[in-house]
Amino acid sequence: MNLRWRLALISSFVTLLALAALVIGSGLLLERVRLRDLDEELGVQAKVVMDEIADGTRSELSLSVADALSTAIGSSVAWVYENGQLMTGDGINAPEPLEPSFFSSPQTSSVTSHAGWRVYSLRRSAMIVQIGRPLAPLERVNLSYWRIGSATALLAALLAGITITVAVNRVTEPLERLAQRVQTLESGAPIPALGLRDEVGALARALEGSLGDLRRTRARETRFLADAAHELRTPVTALLTDLEHHAARPRSSSDDRAVLERSTRTARHLRDLASNLLTLSQTERGLDKRPVDMFEIAANVVDRNASLAAHKGLEISLDGHPAAALGDAVALERAVENLIGNAIKFTDSGAVRVTVGIHDQRVQLEVLDTGIGMNPDLLEAVFEAFERGAETRREGSGLGLAVVKSVIDAHVGTVTLHQHAPHGIRAVVSLPRA
Ligand SMILES: Nc1ncnc2c1ncn2[C@@H]1O[C@H](COP(=O)(O)OP(=O)(O)OP(=O)(O)O)[C@@H](O)[C@H]1O
Ligand SMILES: [Mg+2]
């Protein structure tokens, strides 16, 4: 059963319940009030008759008393007994005596219901006056009330159900259109109900925001995949062309060496690219964090890059002391590798200095170079994947810093690049202590 019908049923049921309680409560109250009024009237009539017979008339009631017995809301019947003997009685269809138990009771007055009659009995010495009136008219009024009351309650419940269905329809209709539109994520068409000022409008606006984010993320992922494929294809094609070309013609040993060097460089670049892509996907999947010494990680990377730096005539050094961070050693080493790799790649003379230590209760790693530096406007932009800044002559894909950022973000750390006087870059990584 859908929401619309459920709400309609619930509201009808609740309305019916509330009205039924109201009708029953007020019906019972009305019944009691009417009976009380009747009792009072019968009591007054009994007294009038008793006073009349006290004046001496026994066998027949005077006309004025007979008048007093009939009222607009029904006529009463009077019986007069003396010492248990019926003296006067004009109720043809009334049961006799009207209220038998009163004859054996010591009470001076009572009011009861007896065989479909309401009976008021009054005793004064040897005289008993009983005034009765059939309950049928009262019951007829009550029955009408119950009928009208229940019909009204049923009708009101039905109306409540219909009203709620219409109201819920008006609410769910834009919701349904919304749901259909959400299924067709691709379509950039605006979401319906955006302009509504109610809760549906708020939901539509929230969805519009989330869908926008989702579309942007999808677009980013698609672009990333295309860029990654392109970056992988270019060096592989270059490598193949070189090798095929080289195999096809006679060659000297200097040719061999040149091709070998180029191929090694390209292969190394391919390996780094593959490592970076792997690290990126690992940070997406979640990292395996445990206490790791950043100094040790930096030492490994410096050792690995020492010959490359020496080959370029650069001095490379590591200062500081052990500093434990909570993190994934493999991913962190990849991040440090990218920073030190960049420092060596973009420095033609001078030195690369790496420092690890504790700063403001956080683990800090710094890579300082004396290289070509960077346009200050690009210091943040280069963290985007495949963003290579102005320097594109040197080998690279522009993925290294994106990996650094992704890894450090996953460790709740920060990474920033700064221009460093007179020239060069200072990369600073800050991580929470283990
Ligand atoms: N130490 C640095 N000195 C000067 N420029 C830098 C330095 N580090 C990064 N850059 C600039 O930022 C760009 C992005 O760096 P990133 O490491 O992301 O890519 P890449 O080094 O070009 O390629 P990859 O790291 O994928 O091999 C670089 O192309 C370069 O322009
Ligand atoms: Mg790099």
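What's the magnitude of the charge dipole for the chain around its Cα centre, counting Lys and Arg as +1 and Asp and Glu as -1 at the beta-carbon? Answer in Debye, nearest 20.
1060
Which lysines does K289 reach when only Cα atoms under 26 Å apart count, and residues fewer than 8 places away in its own chain are ignored?
Correct list for K289: K405.
Please name whichever of I53, H423, A136 sits farthest to the positive end of the charge dipole of the chain, dipole taken about the Cα centre and charges placed at Cβ: Lys and Arg +1, Asp and Glu -1.
The Cα lying farthest towards the positive end belongs to H423.
Cross-link candidates for K345: which lysines have Cα within less than 17 Å, leaving aside residues fewer than 8 places away along the same chain?
Answer for K345, where 17 Å is the Cα cut-off: K312, listed by chain and number.
Assuming 0.36 nm per residue, please report the length gained on full extension of the stretch R394 to V171 beyond their Cα-Cα distance.
74.2 nm
Ranked highest first by the average count of other Cβ atoms within 10 Å around their residues, in what order do 156-162, 326-332 fall?
Listed from highest to lowest mean packing, they are 326-332, 156-162.
With only alpha-carbon pairs counted, each pair once and no self-pairs, how large is the Kirkwood hydrodynamic radius of segment 286-432 in angstroms?
Working: mean 1/r = 0.0659 Å⁻¹.
Hydrodynamic radius (Kirkwood, Cα only) of segment 286-432 equals 15.2 Å.
Could you run the Debye sum over the Cα atoms of the chain, one equal point scatterer each and no solvent, and tell me log10 of I(q)/I(0) at q = 0.06 Å⁻¹, two decimals?
-0.56
Rounded to the nearest angstrom and ordered from largest down, what semi-axes does the equivalent ellipsoid of segment 74-177 get from its C-alpha gyration tensor (root of 5λ)?
57, 13, 8
Go ahead and estimate [θ] at 222 nm for the chain from helices alone: -39,500 (n - 2.57) per DSSP H run with n ≥ 4, summed, over the residue count, rounded to 500.
The helix contribution divided over the chain gives -19500 deg cm²/dmol.
Taking +1 at the Cβ of each Lys and Arg and -1 at the Cβ of each Asp and Glu, which of P291, L3, L273 sits farthest along the dipole of the chain towards its positive end, judged by Cα position relative to the Cα centre?
Of the candidates, L273 comes out farthest on the positive side.
Quick one: helix 329-345 against the long Cα principal axis of the chain, what's the angle to the nearest 10°, folded into 0 to 90?
Tilt of helix 329-345: around 40 degrees.
Over the chain, what is the relative contact order in whole percent, taking alpha-carbon pairs under 8 Å and six or more residues apart?
11
Rg and Dmax in Å for segment 224-300, alpha carbons only: what are they?
18.0, 56
Coordinate-derived values only; no laboratory data. As the structure is a computational prediction, the values presented were derived from the model and not from experiment. Methodologically, a virtual Cβ is constructed for each residue, glycine included, from the backbone with ideal geometry; neighbour enumeration extends over all protein chains shown.
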